[in-house]
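Please find one structure pasted underneath; my questions will follow.
The values are calculated or read from the model by the stated rules, or taken from the named source; none is laboratory data. Keep in mind that this is a model prediction, so the values were computed, not measured. Counting neighbours? That spans all protein chains shown, and the Cβs are built from the backbone with ideal geometry, glycine included. Ligands, DNA and RNA are stripped out before the accessible areas are found, and what is left, the full protein with its side chains, is counted by its heavy atoms. Shrake-Rupley method; radii C 1.70, N 1.55, O 1.52, S 1.80 Å.
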Amino acid sequence: MDEIFKQQVWEITKLVPKGRVTSYGAIAKAVGYPNHSRHVGKAMGGCPKDVPAHRVISSSGALSVPEFQVKLEAEGIEVENFRIKNFKKLFWNPLEEL
């Protein structure tokens, strides 16, 4: 995974509005690499502090990192059993909203 890909992933992630969530797959599509959601997950692993990695979750609405629940709830997002409540309503699709 190259630095350019990581930078693109981080730039899109910075645009996810507070109180909304997106998926690894949606980010992958937005940077032109559909089917590379795992690479997006890896890129999020070492992302800078200003990248809201907690807003990027699995396409099923499940949290990949349980510790992110606190940050999401602080933004008003309800989490139950490590899943986002109202996931479809809160979902931010970069291809449609940018």
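Looking only at residues in segment 20-29 that are open to solvent by 20 Å² or more (accessible area, probe 1.4 Å) and not aromatic (Phe, Trp, Tyr), which one is farthest from Arg83 (Cα to Cα)?
So, considering only residues that are open to solvent by 20 Å² or more (accessible area, probe 1.4 Å) and not aromatic (Phe, Trp, Tyr), the one farthest from Arg83 (Cα to Cα) is Lys29.
Also, quick follow-up: Could you check Pro48 against (1) in contact with a His (Cβ under 9 Å, 6 or more places away or on another chain); (2) outside any helix (DSSP H, G or I) and say which number it fails?
Of (1) in contact with a His (Cβ under 9 Å, 6 or more places away or on another chain); (2) outside any helix (DSSP H, G or I), only one is false for Pro48: (1).
Which of the residues spanning segment 1-39 are touching a strand residue (DSSP E or B) at 6+ places or on another chain (Cβ under 7 Å) and of a type in the set (Val, Ile, Thr)?
Result: Thr13, Val16, Val21, Thr22, Ile27.
Of the residues Gly61, Gly32, Gly45, Gly76, only one is in contact with a Lys or Arg (Cβ under 7 Å, 6 or more places away or on another chain) and without any contact (Cβ under 8 Å) to a residue 60 or more places away in the chain; which?
Of the residues listed, the single one that is in contact with a Lys or Arg (Cβ under 7 Å, 6 or more places away or on another chain) and without any contact (Cβ under 8 Å) to a residue 60 or more places away in the chain is Gly61.
Right, here's the next one. Within segment 91-98, can one find any residue that is closer than 21 Å to Trp10 by Cβ, at pLDDT below 95 and open to solvent by 20 Å² or more (accessible area, probe 1.4 Å)?
Yes - at least one qualifying residue is present in segment 91-98.
Matching residues to (1) in a helix (DSSP H, G or I); (2) closer than 20 Å to Phe91 by Cβ:
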{"residue": "Lys6", "(1), (2)": "yes, no"}
{"residue": "Val9", "(1), (2)": "yes, yes"}
{"residue": "Ile12", "(1), (2)": "yes, yes"}
{"residue": "Gly19", "(1), (2)": "no, yes"}
{"residue": "Tyr33", "(1), (2)": "no, yes"}
{"residue": "His39", "(1), (2)": "yes, no"}
{"residue": "Ser60", "(1), (2)": "no, yes"}
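So that you can scan it fast, the table gives a plain yes or no per residue for (1) touching a Phe, Trp or Tyr at 6+ places or on another chain (Cβ under 9 Å); (2) open to solvent by 50 Å² or more (accessible area, probe 1.4 Å); (3) modelled with pLDDT under 95:
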| site | (1), (2), (3) |
| --- | --- |
| Val40 | yes, no, no |
| Gly45 | no, yes, yes |
| Ala62 | yes, no, no |
| Leu72 | no, no, no |
| Gly76 | no, yes, no |
| Arg83 | no, yes, no |
| Lys89 | no, yes, no |
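Condition (residue is farther than 18 Å from Glu3 by Cβ, touching a helix residue (DSSP H, G or I) at 6+ places or on another chain (Cβ under 8 Å) and not in a helix (DSSP H, G or I)) applied to segment 66-73: is it met by at least one residue? Spell out how you get there, then give the answer.
Just the residues of segment 66-73 that are farther than 18 Å from Glu3 by Cβ, to begin with: 66-73.
Among the residues that remain, those that are also touching a helix residue (DSSP H, G or I) at 6+ places or on another chain (Cβ under 8 Å) are: 68, 71-72.
If we keep only those that are not in a helix (DSSP H, G or I) too, we end up with none.
Within segment 66-73 (the criterion being farther than 18 Å from Glu3 by Cβ, touching a helix residue (DSSP H, G or I) at 6+ places or on another chain (Cβ under 8 Å) and not in a helix (DSSP H, G or I)), the answer is no, since none of the residues qualifies.
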